[in-house]
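Data block below; observations after.
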Amino acid sequence: MWLSSVDFFVYDFLALHGSFADSLHFFIYDFVKILTLILVIIYVISFIQTYIKTETLRDFIRGKSQFVGNLCAAIFGILTPFCSCSSIPLFLGFSQARIPRSATFSFLISSPMNNEIAIAILFATFGWKIALLYTLFGLITAVVGGYIVAKVSTDEDILISVPYMKHGGKVHFEKLPFFKRVNSAWQSALKVIKDIYLYVIAGIFIGSVIHGFVPADFIAKYAGADNPFAVLIAVIAGIPMYSGAATVAPLIEPLTSKGMLMGTALSFMMAVVALSLPEAMILKKVMSWRLICLFFSIVGVGIILVGYLFNIIL
Amino acid sequence: MHIKVLGSGCCSNCETQMEIVKKALSTTGKFAKLEKVVDLVEVMNYGVMSTPAIVINGKVKARGKVLNEQEVIALFE
């Protein structure tokens with residue numbers, strides 16, 4: 001229905017034809033579709049967030065088994081809009097509550113990777129199957145990665161130690177009436193949209209440039225199915241790039257349509273959003289370089305494996 | 001009244017929250033000692049993991065989100 005409206009607007013109402021009309025059509029169609037879906041998903045997530053806060057998670061995980069802790073932390077990572085700034089208080093808060101380090105790392109891996117905006121955009125462009133698979137693999141990487149990082153880290157790698165939380169740490173939460181939650185979720189969803197819409201436009205714009213100007217065999221030649229190292233190259237190229245999911249996710253569709261395999265494209269996206277230099281700088285406040293390097297390499301290897309797995313099953 | 005705004009000292013949210021609290025104080029004409037806390041160990045002592053947070057007279061009143069002026073004024077009550 002939306003497609004035919006855009007058809008009507010571009011081809012009949014504006015009476016445009018040719019390649020410019022096609023790009024305009026692509027841009028309007030994608031832009032509105034992606035932004036609407038993001039708005040819906042962010043709204044739902046903001047609403048859930050009025051019930052679940054980081055402190056809730058901390059109190060819940062305390063004393064649970066390592067697996068449950070990792071899994072909960074990873075799932076919770078989907079629900080939190082990732083700001084690198086929040087990773088430090090979270091890291092310290094968890095260690096203060098003496099929650100196993102593995103859960104903390106699961107969260108640190110999951111939060112940027114299973115970004116709700118990335119999931120929304122994948123859902124908008126490829127449907128629920130790809131979005132679900134991406135999320136599932138993201139969760140597995142987070143759970144397993146958290147476990148391994150915790151195994152290889154020692155107490156010397158943690159630079160700040162906080163005193164054990166006395167008073168059980170239970171925090172009191174203000175009870176909000178339902179309509180207030182609805183309203184506050186709406187406010188935060190609007191704020192998120194306001195923050196990211198320019199990045200989405202940039203992403204869709206770069207995407208349409210790839211659509212129009214990059215020759216079809218260029219990407220296929222270097223990162224297509226014939227190249228067994230495609231995933232590896234994509235991940236290594238993606239780590240130094242720092243961009244939010246909002247910009248990189250709209251690129252996946254054009255990249256795959258130019259011959260990149262889906263797994264390669266998704267690995268690239270995971271590497272861009274999950275591992276970044278600014279995040280490393282912030283983590284430096286609380287952990288040693290050794291641990292940060294280990295953290296990044298373990299996540300990098302995880303992402304590469306996910307990419308190959310994706311390429312095999314799709 | 002003693003108000004502390006807790007932050008992680010890395011994004012602009014805490015700064016924004018400080019400004020809003022100042023505005024709320026001038027709107028209501030209340031007097032308060034206003035302080036910004038970015039020392040992480042001190043922030044942790046309040047059991048706060050999501051910033052910015054507002055502490056009034058030693059009690060954590062809000063966390064994890066920048067409150068607007070009306071919401072801050074409601075905390076003064």
Residue separation between A:Val44 and A:Lys194 times 0.36 nm, minus their alpha-carbon distance, gives in nm 52.3 nm
Can you tell me the FRET efficiency between A:Tyr164 and A:Trp186 if r is taken as the Cβ-Cβ distance and R0 is 41 Å, rounded to the nearest 0.05? 0.55
Listed residues A:Pro89, A:Pro163, A:Pro177, most fluctuating in chain A (Gaussian network, C-alpha, under 10 Å): A:Pro177
Taking 8 Å as the Cα distance limit and 6 or more residues as the minimum spacing, I'd like the relative contact order of chain A as a percentage. 20 percent
Looking at the range A:66-142, which trypsin sites (Lys or Arg not before Pro) are in a loop (DSSP not H, G, I, E or B) and have at most 16 other Cβ atoms within 10 Å? A:Arg98
Label-to-label distance, nm, for residues given as A:Trp2 and B:His2 (7 Å Cα→Cβ offset): 5.3 nm
For chain A, state what percent of all Cα-Cα pairs lands in each successive 20 Å bin, counting from 0 Å until the bin that includes the largest distance. 31, 55, 14, 1
For chain B, which trypsin sites (Lys or Arg not before Pro) are in a loop by DSSP, counting at most 14 other Cβ atoms within 10 Å? B:Lys30
Please report how far the C-alpha centroid of the range A:111-165 lies from that of the range A:1-45, rounded to the nearest whole angstrom. 32 Å
Between A:Ser65 and A:Tyr222, what is the spin-label point distance in nm, taking each point 7 Å from the Cα along the Cα→C-beta axis? 4.7 nm
In debye to the nearest 20, the charge dipole size for the range A:208-314, taken about the Cα centre with +1 at each Lys and Arg Cβ and -1 at each Asp and Glu Cβ, equals 360 debye
Return the long-range amide H neighbours of B:Lys61 (sequence gap of 5 or more, or a different chain), with a cut-off of under 5 Å between placed amide H atoms. B:Ile54, B:Val55, B:Ile56
Partner shielding of A:180-192, taken as the mean number of other chain Cβ atoms within 10 Å, equals 1
Which value in nm describes the separation of the simple spin-label points at A:Ile140 and A:Phe9, placed 7 Å from the Cα toward the beta carbon? 4.0 nm
So what is the relative contact order of the range B:2-76, in percent, for Cα pairs below 8 Å that sit 6 or more residues apart? 41 percent
If we count other beta carbons within 10 Å of each Cβ, what is the order of B:Met1, A:Met287, A:Met113, fewest first? B:Met1, A:Met287, A:Met113
Viscosity 1.567 mPa s, temperature 4 °C, Stokes-Einstein D of the range B:2-76 from Kirkwood C-alpha radius, µm²/s: 108 µm²/s
Please determine, in degrees from 0 to 90 and to the nearest 10, the orientation of helix A:289-313 with respect to the longest principal axis defined by the Cα atoms of chain A, where the helix direction is its Cα long axis. 40 degrees
Counting pairs of alpha carbon atoms under 8 Å apart in space and at least six apart in sequence, what relative contact order in percent does the range A:1-145 give? 25 percent
Listed residue pairs exceeding 29 Å between alpha carbons, taken from A:Lys64/A:Lys180; A:Lys258/A:Lys284; A:Lys221/A:Lys284; A:Lys53/B:Lys4; B:Lys33/B:Lys65: A:Lys64/A:Lys180; A:Lys258/A:Lys284; A:Lys221/A:Lys284
Out of the range B:4-77, which chymotrypsin sites (Phe, Trp or Tyr not before Pro) are coil in DSSP terms and have no more than 13 other C-beta atoms within 10 Å? B:Phe31
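FYI, it's all coordinate maths here, none of it is from the lab. In this text the structure is predicted, and so the values were computed from the model without any measurement. Positions of Cβ are generated from backbone atoms using ideal geometry, with glycine treated the same way; all protein chains shown enter the neighbour counts.
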